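**Student:** For reference, the structure I am asking about is given below.
The values are calculated or read from the model by the stated rules, or taken from the named source; none is laboratory data. As the structure is a prediction and not an experimental result, all values here were calculated from the model. Heads up, the Cβs are rebuilt from the backbone with ideal geometry, glycines too, and the neighbour counts pull from every protein chain shown.
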């Protein structure tokens, strides 16, 4: 008996050492483009199914799961949270969906594989090492149940039925639900607001104005201490070779003799008054 136990222990240690050596060698590919073997796929998927079924035991859906309002709300959430990975009927898989391993199920497959309670548990808690995020930390349970209602309603839905549901949900989307959803009926408004010909001052600009008040005050003081470049008077400074008109433009003298004659005439007039 001792020999058998010793043999088993030695075999276990050798197997553990071989496994650790394989892991630390780096020879196992973790690339998503590499398909797993049939055994590995069976092992992972079976583990997933049994775990979800066990953890979702006792989860009961709300009584209004099939209500139109719940389904519309779920359609809005699906558009905002799920379309990047779970392909809708009549649509082509997204870039993210094509690059994930394991491949995320399409919208029609979700309701076939999971009960409402299981779907809620997966959406709330996510699935490790699959790319499925956990929405429980960021969303209320009512939002997640609405998404489950939409998935159940879309069971075996055609592309036209899916489009009708999404259009209805988009038209009934609330103005502000706390999430950054961009629906179809909001795109035109967003474009119009981008350039409506008015100078809108938003909240994030007020801080900039307030922080620049001191600079603005200094600028006004400096401007007040300096003479205006165009105040309606003919200022003649040393070194200027032209003359200024009332319009503020400075023109070079085309004929210096004209100004000299004017000055001579003024001198003669002053001489007569003195006499």
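**Student:** Out of the helices (runs of 4 or more DSSP H) lying entirely within the range 26-126, which hold 2 or more residues that are under 24 Å from residue 142 (Cβ atoms), modelled with pLDDT of 95 or more and touching a strand residue (DSSP E or B) at 6+ places or on another chain (Cβ under 9 Å)? Give the steps one after another, and end with the answer.
**Tutor:** Working: elements: 38-55, 68-81, 95-99, 107-113, 116-125.
Correct list: 116-125.
**Student:** Further question: Quick one: would you say residue 170 is surrounded by 15 or more Cβ atoms within 10 Å (Cβ to Cβ), farther than 26 Å from residue 49 by Cβ and at pLDDT below 95?
**Tutor:** Details: surrounded by 15 or more Cβ atoms within 10 Å (Cβ to Cβ): yes; farther than 26 Å from residue 49 by Cβ: yes; at pLDDT below 95: yes.
In short, yes.
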